[in-house]
Amino acid sequence: MASSSSSSPNLLTLILDITPSTWGQRKIIRSAKDKALAAKNKSSAGPATLMDDVLTAILALGVSFSCLNRDNALVVIAATEYEAAVIYPRKGGEGCMEDVVMGGSSGACGERVDAGLLNDYLRLGVAELINRAAERSEKLNAEQGNDKEKSQSSSTPNKGAVIASALSIALCTVNRFMVAHHAGVSALADTSYSSQRKDDEGILALMGGKSGSSKQQQQQAQNEARGMLSSRALIIQASQDRTSDYNALMNCAFAANKSDIVIDGCFIPSGVQEDPKSSPFMEQIVDQTKGVYLSVPSGAAQVGGALSEVLMSVFLPPPNIRSNMNLPKLNNVDFRARCFETGESIDVAQICNQCLSIFKVKPKDRCLTCGAKVKKRSSSTGGSKRLKVS
Ligand SMILES: [Zn+2]
């Protein structure tokens, strides 16, 4: 079983938070810290920078991942605070998505991940997205000058990368791969194939059931028996959670769980006291999909190639061999819902009866997520209800 599991192809969709404001701030902190340390003849102690440390680590992870199996496929999606886009494989570039999906039909070597192209497209894609984000924020700043009050109130909940959009793209990509590999059958239709199960798969399922392994492991064993691609997503986040994305993220997690897609999470903190040290949203979705979560220690673990080591030792092993490894465990997940406005954990909340958004304090005029009008509390049928959330 071990040899078959190590040889089955994998699809890794990597989601990278490249929010310019977050990484710009890191770069400033880093250069100030580095100067102070260099005066004492000490080497750098973080935080990681996007272009040097993080992209190098991702390249190392991507190339190592492709070395595990020549049929392994990699998709990289980058997200700023305004948009998310697939940066590898590159649309219109060499080695397009069709080649990756169908196994590099036009490639000379037949491998699905080209290290040279990965390096070029990753850097090019990140630079393009950052430029576009910078242009947009400049435009927004100019508009903000015009009507200060309006933009200040609307811009606060939308800090941070659009991880939910990126994760949706990732799941759609995974589905596309699955459809291509299952001869046109959607991955979503996959869980209900019991009626058309072949004989050997029936036995496999039976064996899996007897050994007491989880449904996920059984599914994976069946996938491997049929030579199917197993897929997972890895989110590398550095910004704070985007509170308005909570519902979308959770829906993605449920969808991923249903299709047996594992979501791993990696948070890179800045090391500054006021900044978040972890992502509560990511902890919840990783727990939901039984992935691995790691908040990278701040300091020397983020610089000089250490980040590559951390990422490779934690996130490189495929899910089916993780039970034999000593990987970080997610013990204290805070399952309390978060206020969509402030992002803080709450026990009792106001819930919008249109979109189910959760608020600590009842919005004054309109729901901040869907814009539904909040009715005045003249009767019991208000626009939002006060409920206990668990
Ligand atoms: Zn609403």
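The values are calculated or read from the model by the stated rules, or taken from the named source; none is laboratory data. If you're wondering where the values come from, they're calculated on a predicted model, not measured in any experiment. Neighbour counts run over all protein chains shown; Cβ positions are idealised from the backbone, glycine included. Each accessible area value is taken on the protein alone, full model and side chains, heavy atoms only, with ligands, DNA and RNA left out. Shrake-Rupley method; radii C 1.70, N 1.55, O 1.52, S 1.80 Å.
Every residue, every condition in (1) charged (D, E, K, R); (2) at pLDDT below 65, yes or no:
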{"position": "149", "(1), (2)": "yes, yes"}
{"position": "155", "(1), (2)": "no, yes"}
{"position": "162", "(1), (2)": "no, no"}
{"position": "165", "(1), (2)": "no, no"}
{"position": "170", "(1), (2)": "no, no"}
{"position": "175", "(1), (2)": "no, no"}
{"position": "182", "(1), (2)": "no, no"}
{"position": "188", "(1), (2)": "no, yes"}
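Among 291, 299, which is the only one that is farther than 21 Å from residue 344 by Cβ and crowded, with 19+ Cβ neighbours inside 10 Å?
291
Out of the residues in the stretch 160-170 meeting the condition of being open to solvent by less than 30 Å² (accessible area, probe 1.4 Å) and assigned to a helix (DSSP H, G or I), tell me which one is farthest from residue 19 (Cα to Cα).
Here the residue is 170.
Restricting attention to the stretch 7-17, and to residues there that are outside any strand (DSSP E or B) and surrounded by 13 or more Cβ atoms within 10 Å (Cβ to Cβ), which single residue is modelled with the lowest pLDDT?
8
I'm trying to understand the selection: among the residues of the stretch 335-376, which are open to solvent by 50 Å² or more (accessible area, probe 1.4 Å) and either at positive phi or away from the ligand (no atom under 15 Å from the Cβ) (or both)?
335, 336, 342, 344, 347, 348, 356, 376 - these are the residues of the stretch 335-376 that are open to solvent by 50 Å² or more (accessible area, probe 1.4 Å) and either at positive phi or away from the ligand (no atom under 15 Å from the Cβ) (or both).
For the stretch 220-322, list the helices (runs of 4 or more DSSP H) that sit wholly inside it and hold at least 1 residues that are within 20 Å of residue 63 (Cα to Cα); which are they?
306-315
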